[in-house]
Amino acid sequence: MQTHSIDLISPAIGTRRELTSFHFGPARASDATQKIYIQAALHADETPAMLVSVMLRRRLAELEAAGELSAQIVLVPVANPVGLAQHVLGQFIGRFDLASGRNFNRSFPALDDVAKELEGKLGSNAAHNVALVRDAMREALAQQKPRTEFESLQLALLQLSLDSDVVIDLHCSLEATLHLYTSEAAWPQFEPLARYMGSQASLLATDSGGQAFDEAHSLAWWNLQQQVGDATPLPPGTVAATIECRGQRDVSYETAAADAEAIIEFLRARGAVRGTAKPLPPLVHEPTPLAGSEQFYAPASGILVHRAAMGARIRAGDPLFDIVDPLTDETITIRSNTDGIFYMRRAIRFVTAGAPLGRVTGTRPIRTGVLLGA
């Protein structure tokens, strides 16, 4: 294992942060079968994801010592040292940069702004085309001049991951069951991961809006494929997925170790780890379009009472939430309009009018535009 550190732009005199990555497997790319990139807690307060990365680091170190790694594997357990230091009156705030208000997992620089540089250069060799695109992306990133600590963090993460065959971004929600986000095109490659991890919901979208870290990779390659057309062979150089490791309070050695072992089995099935992978478990639930998920909002302010359990199979008409007005004793019941899985909800128990409450999967697209939360 090698440890690398990248210095971020110092936001103020007397302060400095760095991004640390752990590198496993063959030192030379030419000796590796592929490159895998895994990061955790880009929203810095997503502690369950961070603990999964700790367990992964231990397992990868064991596998490397045993000579069982055929791929280069880069692990970033703390993908957001900036947000990790943000505490306000005892509250940990890792989702948004307090200096700018920006979401740490939105508006990543586009990697597909290289189409003009590639005109006339791509040929009939698919592997050579992928290498040319990666070189162009690498050069484009090298030309960027970040001005803030936030921008330098985003740039460093992309530079570590842009030439990866597989990107896995480990997150968690506020209260949730384990679920997965990826694109329609990448789903066949990530279905084994969903099976090994026992994902309760798999949400698919080519472009969910917001240019999150995973889609900064997968959407860039998809866009380039559309631009060059079918006549030029250009397979996706990177497939990416986001794993939501349940809710923020789901921090335990047992679940983290199980999640890490599921990822190892996925890597073994891909040939990144030598040996025979365990038989694939059944898929818990078929994938559904992210655009089909129903988002629920509070119609009024009041005490929030949950009426359904996380991971429950919901039928249209089932009650999900009650909102109780403590002054009038009026109760509003919010029911699902969708058949699906209740896969995530907010952790708060008193809501203001218009507050987002949670989501249920659905098989029929009902939303357009930006499909991600703020």
Of the numbered conditions (1) part of a helix (DSSP H, G or I); (2) closer than 17 Å to A156 by Cβ, A49 fails exactly one; give the number of that condition. (2)
What's the number of the only condition in (1) within 23 Å of E294 (Cα to Cα); (2) open to solvent by less than 30 Å² (accessible area, probe 1.4 Å); (3) not small (G, A, S) that D169 fails to meet? (1)
The range 89-122: number of residues that are open to solvent by 60 Å² or more (accessible area, probe 1.4 Å) and either aliphatic (A, V, I, L, M) or in contact with a strand residue (DSSP E or B) (Cβ under 7 Å, 6 or more places away or on another chain) (or both): 6
Any idea which of (1) in a loop (DSSP other than H, G, I, E, B); (2) closer than 23 Å to P48 by Cβ is the one T276 doesn't satisfy? (2)
So which pairs qualify, if the first residue must be in the range 311-333 and free of Cβ contacts under 8 Å to residues at least 24 places away in the same chain, the second must be charged (D, E, K, R) and open to solvent by 60 Å² or more (accessible area, probe 1.4 Å), the Cβ gap must be under 7 Å, and the two must be at least 6 apart or on different chains? A316/D339; G317/R335; D318/R335; P319/R307; P319/R335; D322/R307
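Conditions (1) more than 23 Å from V76 (Cβ to Cβ); (2) touching a helix residue (DSSP H, G or I) at 6+ places or on another chain (Cβ under 9 Å), marked per residue:
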{"site": "R95", "(1), (2)": "no, yes"}
{"site": "S100", "(1), (2)": "no, yes"}
{"site": "K116", "(1), (2)": "yes, no"}
{"site": "N129", "(1), (2)": "yes, yes"}
{"site": "R147", "(1), (2)": "no, no"}
{"site": "I168", "(1), (2)": "no, yes"}
Out of the range 334-347, which residues are touching a residue at least 24 places away in the same chain (Cβ under 8 Å) and either farther than 19 Å from V284 by Cβ or surrounded by 19 or more Cβ atoms within 10 Å (Cβ to Cβ) (or both)? I334, S336, N337, T338, G340, I341, F342, Y343, M344, R345, R346, A347
Within the range 207-222, can one find any residue that is part of a loop (DSSP other than H, G, I, E, B) and in contact with a Phe, Trp or Tyr (Cβ under 6 Å, 6 or more places away or on another chain)? yes
Please name all residue pairs, on different chains or six or more residues apart, with Cβ atoms under 8 Å, provided the first residue is in the range 348-359 and is among the basic types (K, R) and the second residue is not in a strand (DSSP E or B). R359/S293
Selection from the range 10-34 of residues that are more than 20 Å from N80 (Cβ to Cβ), outside any loop (DSSP other than H, G, I, E, B) and open to solvent by less than 30 Å² (accessible area, probe 1.4 Å): F24
Quick one: L224 ticks every box in (1) at pLDDT below 95; (2) surrounded by fewer than 22 Cβ atoms within 10 Å (Cβ to Cβ) except a single one, so which number is it? (2)
With the requirement that a residue be part of a loop (DSSP other than H, G, I, E, B), crowded, with 22+ Cβ neighbours inside 10 Å and aliphatic (A, V, I, L, M), what does the range 181-204 give you? A186
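The values are calculated or read from the model by the stated rules, or taken from the named source; none is laboratory data. Since the model is a prediction, treat every value here as computed from it, not as a measurement. All Cβ positions, glycine included, derive from the backbone under ideal geometry; neighbour counts span all protein chains shown. Quick note on the areas: whole protein, heavy atoms, side chains included, nothing else; ligands and nucleic acids left out. Shrake-Rupley method; radii C 1.70, N 1.55, O 1.52, S 1.80 Å.
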